[in-house]
1. Ordered by packing density, taken as the mean number of other Cβ atoms within 10 Å over each peptide's residues, highest first, how do 57-68, 3-14 rank?
2. Just give me a number: lysine pairs in the chain, eight or more positions apart or cross-chain, with C-alpha atoms less than 28 Å apart.
3. Nearest 0.05, what FRET efficiency do Val45 and Asn76 give at R0 = 25 Å with Cβ-Cβ as r?
4. In whole percent, and with a 1.4 Å probe on the protein chains, what portion of the accessible area of region 45-123 is carbon and sulfur?
5. Angle, helix 53-65 long axis vs. longest principal axis of the chain, Cα atoms, 0 to 90°, nearest 10?
6. Which value, in debye to the nearest 20, describes the size of the charge dipole of region 22-134 about its Cα centre when Lys and Arg Cβ atoms bear +1, Asp and Glu Cβ atoms bear -1, and nothing else is charged?
7. Over region 1-93, with a single point scatterer placed on each C-alpha, what log10 of the ratio I(q)/I(0) does the Debye formula yield at q = 0.10, 0.11, 0.15, 0.26 1/Å?
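The values are calculated or read from the model by the stated rules, or taken from the named source; none is laboratory data. Just so it is clear, the model here is predicted, and its values are computed rather than measured. Cβ coordinates were reconstructed from backbone atoms using ideal geometry, including for glycine residues, and neighbour counts include every protein chain displayed. Just the protein is used for accessible areas: all its heavy atoms, side chains included, with ligands, DNA and RNA removed. Shrake-Rupley method; radii C 1.70, N 1.55, O 1.52, S 1.80 Å.
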Amino acid sequence: MSDQNEIEQADEGFFEALNEMFAGNVKRMEDLWSHADDVIYMGPVPELFHVGWKAIDLDWIVQSKTHLSGSIKVINRHVTVGDGLAVVHHIAEVSGQGPDHGTFRMRGTNVFRKEEGHWKLIAHHSDPLPYLKV
């Protein structure tokens, strides 16, 4: 399988892991990420800026316990693969979240690094949620 296909699968795995996390299961998200100290998570809460696996994992655990519900799926994805690093920009559709449980779109970026032959997520950044006050 080409690196391009592996990255597309890894990025799709991120969204599958998000959907599982919305239902309370954080395991798949934990498996997807690098556990290094240089990883970063800048999620949809405007002030969210976690560096290092321990801080990121704690955030995913807390989120999973809230049972957010809803779902998210990619509707457009662009992959750039380099030597051991890959960047994915995507537009995703989120359904069933927020005060009206409606549907909205978000932009995001994932960065993957090849570690011991496997592509691991090392950075995630997404737009702020439209229903949060900044």
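1. Values: 57-68: 14.4, 3-14: 16.8.
Sorting 57-68, 3-14 by mean packing, highest first, produces 3-14, 57-68.
2. Going through the chain pair by pair, I get 16.
3. 0.60
4. Working: 2540 of 4550 Å².
Carbon with sulfur: 56 percent of the solvent-accessible area.
5. So the inclination is approximately 40 degrees.
6. Numbers: 12 positive and 13 negative charges, 64 e Å.
Result for region 22-134 is approximately 300 debye, rounded to the nearest 20.
7. Values returned for q = 0.10, 0.11, 0.15, 0.26 Å⁻¹ are -0.27, -0.33, -0.63, -1.49.
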